[in-house]
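In what follows, a single structure is set out as structure tokens and then discussed.
The values are calculated or read from the model by the stated rules, or taken from the named source; none is laboratory data. Because the structure is predicted, anything quoted here is derived from the model rather than measured. Here the Cβ positions follow ideal geometry from the backbone for every residue, glycine too, while neighbour counts run over all protein chains shown. Quick note on the areas: whole protein, heavy atoms, side chains included, nothing else; ligands and nucleic acids left out. Shrake-Rupley method; radii C 1.70, N 1.55, O 1.52, S 1.80 Å.
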Amino acid sequence: STDDAVAVEQAFAHLVSLGHQKVGALLGPEDHVPSRRKLDALMAAAKGSPDVTCDVERASFSMEGARPAATRLAERGVTGILCASDVLALGAVRAVRRLGKRVPQDISIVGYDDSAIMTCTDPPLTTVRQPIEAMGQSVVDLLVQQMEGVGVPPEELFFEPELVVRGSTAPAPKG
């Protein structure tokens, strides 16, 4: 798995460094383990930034599901939104635009996955890149070890994500 705590720390720190003091999270359903991990990480990061408030909405992993949740965050004054997937982030961009606001001038949005087309979106999406190749290679290595009769550790392996900054984040609006 990608280390969700590190991913949220990177995205949250990026938004805070841009001056965002009201950060929202657009997460998947409550029973989605990675979304629970991201929420725990967000709460931990927020404790280290007492002048930043956090707000959370949940949605199904679709652009259509993201729109009402992102609309609620925007209407409550959030200026930076962390999304649990790139699909949610694209839905958030649409929601912000339907409210007559601009990304990133009014609301910054960060996705999660770094899907191949995120450089082609408008604006190009700032996102957390999962190390898919390293994760895939580890799965193959573990399968080969199992086939050779070598014991495989039962613990989950966590991989370091990378924040990729593009055009969907900017300094927080003044006032």
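Of all the listed residues (SER85, SER60, SER17, SER1), the sole one being small (Gly, Ala, Ser) and modelled with pLDDT under 95 is SER1. Please enumerate the residues belonging to segment 146-156 that are closer than 27 Å to VAL33 by Cα and free of Cβ contacts under 8 Å to residues at least 24 places away in the same chain. Correct list: GLN146, GLY151, VAL152, PRO153, PRO154, GLU155.
Let's see how each residue does on (1) within 17 Å of PRO161 (Cβ to Cβ); (2) assigned to a strand (DSSP E or B):
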site	(1), (2)
GLY24	no, yes
PRO34	yes, no
ASP40	yes, no
ALA70	no, no
GLY77	no, no
ALA89	yes, no
VAL96	no, no
GLY100	no, no
ASP106	no, no
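Residues that are within 15 Å of GLN105 (Cβ to Cβ) and open to solvent by 10 Å² or more (accessible area, probe 1.4 Å) within segment 75-87 comprise just one, THR79. Taking every residue in segment 157-175 that is open to solvent by 100 Å² or more (accessible area, probe 1.4 Å) and pairing it with any residue that is assigned to a loop (DSSP other than H, G, I, E, B), at least 6 positions away or on another chain, the pairs with Cβ-Cβ distances below 7 Å are PHE158/SER1; PHE158/ASP3; GLU160/ASP3; GLU160/PRO131. So is GLU30 touching a residue at least 24 places away in the same chain (Cβ under 8 Å), out of contact with any strand residue (DSSP E or B) (no Cβ under 6 Å at 6 or more places or on another chain), open to solvent by 40 Å² or more (accessible area, probe 1.4 Å) and closer than 21 Å to ASP114 by Cα or not? For GLU30, the condition - touching a residue at least 24 places away in the same chain (Cβ under 8 Å), out of contact with any strand residue (DSSP E or B) (no Cβ under 6 Å at 6 or more places or on another chain), open to solvent by 40 Å² or more (accessible area, probe 1.4 Å) and closer than 21 Å to ASP114 by Cα - is not met.
For GLN146, which of the numbered conditions (1) at pLDDT below 95; (2) open to solvent by less than 50 Å² (accessible area, probe 1.4 Å) fails to hold? Looking at each condition in turn, GLN146 falls short on (2). Of the residues examined, LEU90 is one that is open to solvent by 10 Å² or more (accessible area, probe 1.4 Å), touching a strand residue (DSSP E or B) at 6+ places or on another chain (Cβ under 9 Å), of a type outside the set (Gly, Ala, Ser) and modelled with pLDDT of 95 or more. Taken over segment 94-140, the criterion of being touching a residue at least 24 places away in the same chain (Cβ under 8 Å), small (Gly, Ala, Ser) and exposed (fewer than 14 other Cβ atoms within 10 Å of the Cβ) is satisfied by ALA134 alone. Among the residues of segment 139-149, is there at least one that is part of a loop (DSSP other than H, G, I, E, B) and under 20 Å from HIS14 (Cβ atoms)? Checked against the condition, which is being part of a loop (DSSP other than H, G, I, E, B) and under 20 Å from HIS14 (Cβ atoms), segment 139-149 yields no hits at all.
Mind checking whether some residue in segment 1-14 is farther than 20 Å from LEU125 by Cβ, acidic (Asp, Glu), out of contact with any Gly (no Cβ under 8 Å at 6 or more places or on another chain) and open to solvent by less than 50 Å² (accessible area, probe 1.4 Å)? Checked segment 1-14: at least one residue is farther than 20 Å from LEU125 by Cβ, acidic (Asp, Glu), out of contact with any Gly (no Cβ under 8 Å at 6 or more places or on another chain) and open to solvent by less than 50 Å² (accessible area, probe 1.4 Å).
Of all residues in segment 38-65, those being open to solvent by 70 Å² or more (accessible area, probe 1.4 Å) and in contact with a Cys (Cβ under 6 Å, 6 or more places away or on another chain) number 0.
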